[in-house]
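S.K.: Just dropping this structure here.
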Amino acid sequence: SLKAQLHQLMLASRPPTAEVSALVRCLQQLQLAVQSKLGGDWHVRPIGSWPIGLGIAGSDLDVTCYSESFNATSENVQAAMLQVLTRLEKLPDFQLVQDIRTARVPLLKLQFKDATESVDVDFSCDNRTAMLNTQLLQAYVRIHPAVQNLALFVKLWAKAHGVLGAPQGNLSSFSLTLMVIYFMQVQCSLPRLAQEELRQTGDCEVPHWPCALAMSELVHQFFYFFSTVFLWGTEVVSVRLGRRADASVREFKMLPGRTRMRLHIEDPYLADRNLNCVLGEAQESELLKKMGEGLRASARSQLPETVQKYLEGLHGQQSENVERCTPFDAAASIKEAARSLVAGLPPPPLMPAVLPETPSYVSSLDSEAVLHARGQGFLNTAISPVMHASTLSIPAIQLQ
């Protein structure tokens, strides 16, 4: 059944604990390198999939460095990255793969390799928008486990079909996650978070939201929405608005290319950035085609054949002796390591499986609901734990 296949896919994609430990060691060495060249008021922060809870085995680690006193002009950003690079080149565990400091978001593509593991790293400087978007998606994932589970599935589905990755002319994992959240907002009444409040204060209320659909039904409805309901070419995926709207409305007056018959995805914090900018026309056609295949397969209560083969490949690559953790637990370890680095403390050991610290859950949890809350399986979200309204407290970030 689709439910059983989804459960197997989640289990097979869990990252090895050794890989997560390597991510923590990489963050520690990056922090030392940054502070040795730029000063003690500089810090590194993981951004993207890993701290959100959407990291899977082999995912890149996205990291940015920042200082509250930094004047982030283009010249200063490139100069700061060059200083850090001169330090990293002297460290045996780091290798420069590509220097693209002239890109829209200047990047150093690195490989961190120690005695046991290898990690691909995208290193940036003062990437405030990515920091904000990471906080926003962290908050959405915390509303209910169904958000994280569906976003993870869509990422794995896109990877299996070869429709994931901006360097190949496809959407990024970030864009696909926005599509998941938007679908859940307009079709499942997922609450829209106060993202401006989050940007200004770092505090965001995580509301109570009961999800009445099983994961298999959410998968089917996701494909149905983007294959038959979503107005491809005129409607805008806007998590900021959280409602369906045409690209011609005044809220999108700054959105580039909004009159073109293309898939439109608004950056939540940059109204003048259409995330379709990386999506090729042929790749967009392929994405829509794969959506249709997903719809037909899920209607038969099956994964698409390509995803089934991808799952078989994951099983074939894995060793039974390798200890693995959930994406939720990996995110908890990485975020705790980042907090420790900012506080000047050594990173803690890999965290054991725990329930989220915030929000709180009712005490009468049965074992299946606990497993679901930890993201260890695609279970029926109708029996998932009840989540109380609470406050997610995170450091405020200001766009400069």
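S.K.: Using a cut-off of 19 Å between alpha-carbon atoms, which aspartates and glutamates can reach K113, once sequence neighbours fewer than 8 places away in the same chain are excluded?
M.R.: Answer for K113, where 19 Å is the Cα cut-off: E19, D60, D62, E89, D93, D99, D122, listed by chain and number.
S.K.: Provide the packing ranking of 134-142, 204-212, 116-124, 73-81, i.e. peptides ordered by the mean count of other C-beta atoms within 10 Å per residue, highest first.
M.R.: Ranked from most to least packed, the peptides come out as 134-142, 116-124, 204-212, 73-81.
S.K.: Skipping prolines and chain starts, which residues have an amide H placed within reach, meaning under 5 Å, of the one on L190, given they are 5 or more residues away or on another chain?
M.R.: Q185
S.K.: Output the relative contact order of the range 71-152, whole-number percent, from Cα pairs under 8 angstrom with separation of 6+ residues.
M.R.: Reported relative contact order: 19 percent.
S.K.: Work out the charge dipole of the range 1-93 with +1 on the Cβ of Lys and Arg and -1 on the Cβ of Asp and Glu about the Cα centre, then indicate which of Q8, N71, L54 is farthest towards its positive end.
M.R.: Projecting each Cα onto the dipole axis, the largest value belongs to Q8.
S.K.: Past the 31 Å Cα-Cα mark, which pairs from K253/K289; K309/K335; K3/K289; K37/K159?
M.R.: K309/K335; K37/K159
S.K.: Next question. Roughly how big is the chain's charge dipole about its Cα centre, with Cβ charges of +1 (Lys, Arg) and -1 (Asp, Glu), in debye to the nearest 20?
M.R.: 640 debye
S.K.: Hey, another quick one. For an R0 of 41 angstrom, estimate the FRET efficiency from the Cβ-Cβ distance between E89 and R296 and round to the nearest 0.05.
M.R.: Efficiency for this residue pair is about 0.20.
S.K.: Rank-order 147-159, 292-304 by packing density, defined as the average count of other C-beta atoms within 10 Å over each peptide's residues, highest first.
M.R.: Averaged packing, sorted descending, gives the order 147-159, 292-304.
S.K.: For the chain, with every protein chain kept in place, what is the accessible area per residue (1.4 Å probe, Å²)?
M.R.: Averaged over the residues of the chain, the accessible area is 41 Å².
S.K.: Counting only protein heavy atoms and a 1.4 Å probe, tell me what percentage of the chain's accessible area is made up of carbon and sulfur.
M.R.: 51 percent
S.K.: Of the DSSP beta bridges with both residues in the chain, give the percent that are antiparallel, rounding to the nearest 5.
M.R.: Within the chain, antiparallel bridges account for around 75 percent of the total.
S.K.: Arrange the peptides 256-265, 38-47 so that the one whose residues have, on average, the most other Cβ atoms within 10 Å appears first.
M.R.: 38-47, 256-265
S.K.: Taking the Cβ of V186 as the center, what net charge do the other residues with Cβ under 11 Å away carry, scoring Lys and Arg +1 and Asp and Glu -1?
M.R.: Within the 11 Å Cβ shell, the charges total +2.
S.K.: Net charge near N127, counting Lys/Arg +1 and Asp/Glu -1 over other residues with Cβ under 15 Å of its Cβ?
M.R.: Every neighbour counted, the sum reads +1.
S.K.: Rounded, prolate or oblate: pick one for the range 212-260, where a ≥ b ≥ c are the square roots of the eigenvalues of its C-alpha gyration tensor, a/c under 1.5 means rounded, and failing that, prolate if a/b is larger than b/c, else oblate.
M.R.: prolate
S.K.: Let me ask something else about it. With each label point set 7 Å from Cα along the Cα-Cβ vector, what nm distance links V278 and T259?
M.R.: Each label point is offset 7 Å from its Cα along the Cβ direction, giving 2.8 nm.
S.K.: OK, next. Restricting to Cα pairs below 8 Å that are 6+ residues apart, what does the relative contact order work out to for the chain? Please round to a whole percent.
M.R.: That works out to 24 percent.
S.K.: On to the next question. Suppose the chain between A115 and Q200 were pulled fully straight at 0.36 nm per residue; how much longer would it get relative to their current alpha carbon spacing?
M.R.: Stretched out fully, the A115 to Q200 stretch lengthens by 26.4 nm.
S.K.: Right, here's the next one. So how far, in whole Å, is the C-alpha centre of the range 293-347 from the one of the range 217-275?
M.R.: 27 Å
S.K.: Something else about it: Mind putting a number on the dipole of the range 47-95 about its Cα centre? Charges go on the C-beta only, +1 for Lys and Arg and -1 for Asp and Glu, and I need it in Debye to the nearest 20.
M.R.: Around 100 debye, computed over the range 47-95.
S.K.: Determine the sum of side-chain charges near T116: Lys and Arg each +1, Asp and Glu each -1, restricted to other residues whose C-beta is under 10 angstrom from that of T116.
M.R.: In short, -1.
The values are calculated or read from the model by the stated rules, or taken from the named source; none is laboratory data. Everything numeric in this text was worked out from a predicted model, so none of it was measured. Cβ: placed from backbone, ideal geometry, glycine included. Neighbour counts: every protein chain shown. To get the accessible areas, we keep the full protein, side chains included, count just its heavy atoms, and leave off ligands, DNA and RNA. Shrake-Rupley method; radii C 1.70, N 1.55, O 1.52, S 1.80 Å.
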